[in-house]
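What follows is a single structure, written as structure tokens, with notes after it.
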């Protein structure tokens with residue numbers, strides 16, 4: 001009986017974890033045995049290859065799936081994606097940045113529709129954690145966002161070997177430095 005109750009409690013937690021419009025971003029990850037050399041999370045989703053795991057990240061910086069306090073260097077040879085919605089506090093022009101090891105692309109939609117998302121920033125080779133200015137391609141053009149409106153966002157990343165990290169940031173109107181997007185401005189997609 002205890003096992004049944006424990007399983008039911010875990011299922012309840014999993015269902016609450018996956019509920020839409022909760023604070024944070026969804027994250028899926030695929031191990032080397034699953035991605036078999038395919039470096040694109042978008043391709044893996046299209047092929048309907050289930051991720052090895054999923055969770056919710058509280059900010060736009062990925063944390064280890066085994067050690068949540070660790071923001072880098074937790075695994076080798078995997079693919080991950082973080083996705084959900086950004087909800088700005090202020091109307092104005094925002095600039096986005098991405099940093100990752102080994103490579104990553106940041107997509108943003110003009111609204112809450114995932115199918116409208118376009119690549120706005122990328123890195124084709126490694127950066128240090130939160131090193132947003134190593135290459136010009138890591139920075140987006142200014143994007144006009146409206147206060148309180150939901151915008152679909154997705155970051156996809158491939159890790160080979162060695163160090164690894166993934167984070168994206170924005171520069172809000174009136175500021176000059178990139179900052180990790182806080183929980184209060186993020187909503188889960190599923």
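Within the bounds of region 98-107, is there any residue that is within 24 Å of residue 184 (Cα to Cα) and free of Cβ contacts under 8 Å to residues at least 60 places away in the same chain? Yes. The criterion of at least 2 residues that are within 18 Å of the chain's Cα centre (by Cα) and surrounded by 19 or more Cβ atoms within 10 Å (Cβ to Cβ) is met, among strands (runs of 3 or more DSSP E) falling completely within region 92-181, by 92-101, 103-108, 118-123, 151-159, 165-171. Set side by side, the residues 30, 65 differ, and just one is buried (at least 20 other Cβ atoms within 10 Å of the Cβ), more than 30 Å from residue 173 (Cβ to Cβ) and free of Cβ contacts under 8 Å to residues at least 60 places away in the same chain, which is 30.
Kindly establish whether residue 189 is part of a loop (DSSP other than H, G, I, E, B) and either within 21 Å of residue 71 (Cα to Cα) or in contact with a helix residue (DSSP H, G or I) (Cβ under 9 Å, 6 or more places away or on another chain) (or both). Yes; evaluated as a whole, the condition is true for this residue. The residues of region 6-48 that are in a loop (DSSP other than H, G, I, E, B), at pLDDT 85 or above and within 28 Å of residue 163 (Cβ to Cβ) amount to a single one, 24.
The values are calculated or read from the model by the stated rules, or taken from the named source; none is laboratory data. On a predicted model such as this, the values are computed, not experimentally measured, just so you know. Note: ideal-geometry Cβ built from the backbone for every residue, glycine included; neighbour counts use all protein chains shown.
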